[in-house]
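Please read the structure below before turning to the comments.
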Amino acid sequence: MRNKYNKEGMREELRHALLVVPRTRGQLDGFENNGYSNSNYSRSSYREVTNETGDCITKVKAEVVRTLACKQFKQSPMPLCQQAFKHAKMLRDVHSTQEHVSDWLKYCYSEGAQVPTKALVTFILDSFYQMETTRLAGKTRKLIEHLAHLACTQKRSEIEGNKSRLLSQSRIAEYSGKTQSEWEKRWAKRWKRLLAIIDSFDQEGLDHVYECGRSRKTTTRNADLLVQSVFQTGAREHLAPGMAI
């Protein structure tokens, strides 16, 4: 049964996560597992200045840390946005799925990705050949590999709604060196198969990210209910003696 969620909304969240998190330069790693990041409730860090005998003379405010997650930077990184921690969790969800699915999500929804990874293309081809019933020559396999790369870019443009970059099958046949009749007879179904494989990766990745987010919400809600139950029980036990007649 397919998960019911706003697919386009999920895609937009992924785009924001893949855009924002890499630009924070590891700031979020410094706050991992921290309950809050509000400076109004955080203590300022001070260091002691001692004399030759080791006695503390004074305390001065410590300098701003410029090393996070084993990375150094001369200038301040991009400020954390309101949804930064949510985006960081979403990005961890992307990395926790299978490699080819993770690679597809990062390629499709990241602005910086120019070409699909070798691991992604290899898995697409493996899935493709599992459904191929005829023995293919080396030249044919090479063309299918090129078509796999093209299918990734075309599927990405389709998801982005960039119709100006979408190619007609007649144009793809021309680029492949095939006549229209050759393309329609053998290659059109192969092209559709490549797109279907990539589409399955996209669906699997979106489902995985959604399920991870829903699981966290369920865990948090159950924990809140447990705490609420404990407080209610304690309150009843506290009030019970006074209410007795």
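Quick look at the values:
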item: Residue that is farthest from Arg186 (Cα to Cα) [pool: residues in the range 108-131 that are among the hydroxyl-bearing types (Ser, Thr, Tyr) and surrounded by fewer than 20 Cβ atoms within 10 Å (Cβ to Cβ)]; result: Ser110
item: Pair list, Cβ < 8 Å and 6+ apart or interchain, from the range 159-175 residues that are loosely packed, with under 14 Cβ neighbours inside 10 Å to residues that are charged (D, E, K, R) and assigned to a helix (DSSP H, G or I); result: Leu166/Glu158
item: Candidate set: the range 132-158, residues that are over 20 Å from Ala119 (Cβ atoms) and among the hydrophobic types (A, V, I, L, M, F, W, C); chosen: the one surrounded by the most Cβ atoms within 10 Å (Cβ to Cβ); result: Leu143
item: Pair list, Cβ < 7 Å and 6+ apart or interchain, from the range 184-212 residues that are closer than 26 Å to Tyr5 by Cβ to residues that are at pLDDT 95 or above and polar (S, T, N, Q); result: Ile197/Ser127
item: Subset tally (residues that are of a type in the set (Lys, Arg) and touching a Ser or Thr at 6+ places or on another chain (Cβ under 9 Å)) for the range 97-142; result: 1
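The values are calculated or read from the model by the stated rules, or taken from the named source; none is laboratory data. Predicted, not measured: the structure shown is a model, and the values here were computed from it. Glycine gets a Cβ as well: all are built from the backbone with ideal geometry, and neighbour counts include every protein chain shown.
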